[in-house]
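In what follows, a structure is listed as structure tokens, so that the remarks can point back to it.
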Amino acid sequence: MEDFQGITENVFANGDVYIGSFKNSLLYGKGKYTWFDGTTYDGDWEDGKMTGKGKIIWPSGAKYEGEISGGYLHGFGTFNYSDGSIYNGDWRMNIHHGIGQKLYANLDIYDGSWKEGMPEGCGRYFWSSGNSYIGNWKGGQMCGKGIMKWVNGDHFIGFWLNGFRHGSGVYHFADGAYYFGSWSRGLKDGKGTFYPAGSKPPSLEKWHNFLGYDIHGKGFLSRTLSLNSEKEKAPKHGLKHSFSEKFSVTGISSAGLSNWPRSMDINWGLSDPTREALADEDSCMMSHTSDQGQHNVAYKDRTVYEREYVQGVLIQERVKDYEEIFHRSKEQKKTTVKEARKVSCINFFESRRSYYLMLNLQLGIRYTVGKITPVPMREVRSSDFGRRARIVMYFPGKGSQFTPPHYSVDFHWKDYCPMVFRNLREMFKLDAAEYMMSICGDDGLRELSSPGKSGSIFYLSQDDRFVIKTLKKSELKVLLKMLPKYYGHVKEHENTLITKFFGLHRITIYGHSKVRFVVMGNMFCTELKIHRRYDLKGSTLGRYTHGDKSRDGITMKDLDLSYEFHMDKLLRQSLFKQISLDCMFLESLNIIDYSLLLGVHFRPPEKLKALLEPPATVHNPDNLHHDDEGESSVSEPMISPKGLLLVTHEPSSVTTAPGPHIRGRPLKTYSLGDREVDVLLPGTARFRVQLGVNMPAQASHKLLDDKSESSEVELFELYDVVLYMGIIDILQEYNLKKKLEHAYKSLRFDPLSISVVEPHLYATRFKRFLEKVFHDLP
């Protein structure tokens, strides 16, 4: 039988006082509890817990009013901190979580989404100086797509990472100048185009559409919170204790109420970006021209600058006429429109089909890895190879006894040689859970355009660790045929440069053809920006890049390579020893058409402080910012005088987590006395040096006068670089079709210049070409 008591006043032995009702000797209904230290709660109770709506007041002056559940701040409420800061929004278990607005004592304000006490998701931040950011957040920092506006009228539209501009974007200066390019850690890094004030820039409409809102933030936040106009500071204390314990009439401890939520102890404090954000931007002297109404403006300056930067340092510039840039852009647009029409005419559902393939791939891999991982490890057997070694499953949309329901189309899944690839993943030190999370996580996969002639569909995992490529039936057969020897080769040679394969799958959708996929390691999975990409075969016929080479991220070919790379003697010996072993292996399998995929990360050249911009060709110095009084001053470049350093390997100083292309021990160098080494990149990070990964070198630029443009300015001839490389495209046999192609092309061209030659000649030519690319340091 329930025992209800009306409103009574109870004084407990510890000095606490409760005025309210009880139920079965537990606080229930409306009531006010006053702790001995002066903390009070006035509100709803249920089964001895603060549950419902109420108000908590601390002796320090802090106050919370809103929803509470089980003794936790949970739901919607307003917290007034003792320093004057205010948070108004959603809570979960004493932590800001959901949509909310925070006003800080330093007169800053954040309005948007929170997760686990930190800004995460969509949000807006307004600094007291007048600067503002509207965009995506992660872990309390600007991360993802966003727009930053400065009080001087400049604004940046693009991508951010950990509070820095990182990725592609557009910087619009208050005077009307624009820079379209890419950034790394807040510094310009890579290729871009600068439109001086007075010139006509491209439309920003695609950027606004891509980001999902305009520069004023319209359409950005679907829900906002209203607060009074006071602007506040981040708190320094927080509720740590849950009031969820049941208590009797002996009283309640106020220890939990004397502290505030732990997550709010973190002052993630965004510094005002006025100084740091403008430190490397061009300062322009002409009047402002907005993007709107451009057709009414008479543009006088027709000069455009195509530039390339390395960590904020301008290393190359081409002076172009606007008409040339406009014509090239127009041609690219026409090509894009034609391709779009072609795709829409051929298959209206192509994009949706690709999306279904991605979902099906994730479902299948999750199922296969989950099924094979619990099986005890054992050595592979001959029966584990071949087409008969497989896992087959049907995935109906409504789900089945073995598969979950899903929103894709019904499909049949086939996983080839699951035990072999499971052992390969173990051999490559790849954790099964991480593998599944990377490919099958909530963030999904990103579809890439094909970098070659194959027409394959490429997907990239969100963490950039894995590349998934569609295969032809003939390529699938070659991979299955070579898999036993491939397994033995990578087991024997842990430093192999050959592509890592992690899985081989097939999807069949009713009414459509079968689609085959292979999962590979991404050779360019690094936090460093890859400034140049080359696909090197050693042949010359047609081995140059067609079209615009100024685009960032384009993969160039043999005849486009204008650098020689000089590396430590022992590093080069290790490299060519492995290249010879890998070529011998491929030759034994009758494989041709493979290539070395080379990625080059440039470090800033030495003696940079006087060479941040070429004074003769750049009208607008890059190294100005505005201080608090609005005056311009030159900032010191954030560049070390040395691009990179080789240091003795210390396992505790570098990450030992295996990457998708990392395997084997750190390499030794002659320059450090035959000891294992790390490469230290001042101001960036420290990495262990392994074959094909984080390999330090010097790049000397060979400028060919007969092919160079008079308007092109190459500022440096020698660079410190970090190299990434691997042997790719190893699934082409020298079969009858290729023999006929060789015979036909040999009649028309120099037989040694064509790509298709017999395997021994291909391997020999491949190695000789690379020997001319990579040299010993003098």
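The values are calculated or read from the model by the stated rules, or taken from the named source; none is laboratory data. The model shown is predicted, which means the values in this text are computed figures rather than measured ones. Cβ: placed from backbone, ideal geometry, glycine included. Neighbour counts: every protein chain shown. With ligands, DNA and RNA removed, areas are computed over all heavy atoms of the protein, side chains included. Shrake-Rupley method; radii C 1.70, N 1.55, O 1.52, S 1.80 Å.
From the backbone phi of segment 390-404, what are the Karplus-calculated ³J(HN,Hα) couplings (6.51 cos²θ - 1.76 cosθ + 1.60, θ = phi - 60°) in whole Hz, Gly and Pro given as x?
Each residue's phi maps through the Karplus curve to give 7, 10, 10, 8, 9, 10, x, x, 7, x, 8, 4, 10, 10, x Hz.
Carbon-plus-sulfur fraction of the accessible area of segment 427-494, 1.4 Å probe, in percent? Show your work: numbers first, answer last.
Values: 1730 of 3470 Å².
Of the solvent-accessible surface of segment 427-494, carbon and sulfur hold 50 percent.
How many percent of the accessible area of segment 1-160 is carbon or sulfur, using a 1.4 Å probe? Walk me through the numbers on the way to the answer.
Working: 3310 of 6300 Å².
In segment 1-160, the share of accessible area belonging to carbon and sulfur is 53 percent.
Applying a 10 Å radius around every beta-carbon, put 501-508, 409-416 in order of their mean neighbour count, most first. Before the final figure, lay out each step's value.
On the way: 501-508: 22.0, 409-416: 19.8.
Top of the packing list down: 501-508, 409-416.
What nm value, rounded to one decimal, do you get for the distance between Lys53 and Tyr544 when each label is placed 7 Å out toward the C-beta?
If labels sit at Lys53 and Tyr544, their model points lie 7.6 nm apart.
Along segment 110-119, what does the Karplus equation 6.51 cos²θ - 1.76 cosθ + 1.60 (θ = phi - 60°) give for ³J(HN,Hα), rounded to whole Hz, x for Gly and Pro?
Rounded to whole hertz, the list is 10, 9, x, 8, 10, 9, 6, x, 10, x.
Can you give the Rg to Rh ratio of segment 3-161, both from alpha-carbon atoms, with Rh computed by the Kirkwood formula?
On the way: Rg = 20.4 Å, Rh = 17.7 Å.
Dividing the radius of gyration by the Kirkwood radius yields 1.15.
For each pair in Lys55/Lys102; Lys537/Lys702; Lys537/Lys577; Lys145/Lys320; Lys188/Lys702, compute the distance between the two Cα atoms and list the pairs where it is over 26 Å. Walk me through the intermediate numbers first.
Numbers: Lys55/Lys102 19 Å; Lys537/Lys702 20 Å; Lys537/Lys577 18 Å; Lys145/Lys320 30 Å; Lys188/Lys702 24 Å.
Pairs exceeding the cut-off: Lys145/Lys320.
Tell me the per residue accessible area of segment 346-522 using a 1.4 Å probe; a whole number in Å² is fine.
Values: 8830 Å² over 177 residues.
Accessible surface, normalised per residue, equals 50 Å².
In Å², what does the accessible area per residue of segment 8-207 work out to with a 1.4 Å probe?
On the way: 6800 Å² over 200 residues.
In whole numbers, segment 8-207 has 34 Å² accessible per residue.
Using alpha carbons only, what's the Rg to Rh ratio of segment 381-466 with Rh from Kirkwood?
Numbers: Rg = 15.5 Å, Rh = 15.5 Å.
Reported Rg/Rh, Kirkwood definition of Rh: 1.00.
For Arg353 and Asp83, what is the calculated FRET efficiency with R₀ set at 45 Å and r taken between the beta-carbons, to the nearest 0.05?
Details: r = 56 Å, r/R0 = 1.25.
Taking R0 as 45 Å, the efficiency between Arg353 and Asp83 is 0.20.
Please report the relative contact order for segment 8-207, taking Cα pairs under 8 Å with a sequence separation of at least 6, and give it as a percent rounded to a whole number. Don't skip to the answer; put the middle values down first.
Numbers: 498 pairs, mean separation 14.2, N = 200.
RCO, segment 8-207: 7 percent.
What is the extension gain from Leu740 to Glu771, computed as 0.36 nm multiplied by their sequence separation minus the C-alpha to C-alpha distance, in nm to one decimal? Show your work: numbers first, answer last.
Working: separation 31, 0.36 × 31 = 11.16 nm, distance 2.97 nm.
Taking Leu740 through Glu771 to full extension adds about 8.2 nm, to one decimal.
Once the Cα gyration tensor of segment 346-522 is diagonalised, what are the square roots of 5 times its eigenvalues, in whole Å and ordered largest first, as equivalent ellipsoid semi-axes?
On the way: eigenvalues 124, 73, 52 Å².
So the three semi-axes of segment 346-522 are 25, 19, 16 Å.
What is the gain in length, in nm to one decimal, between Ala432 and Leu448 on full extension, counting 0.36 nm per residue of separation less the C-alpha to C-alpha distance? Don't jump to the answer; show the numbers that get you there.
On the way: separation 16, 0.36 × 16 = 5.76 nm, distance 2.46 nm.
Going from the current span to full extension adds 3.3 nm.
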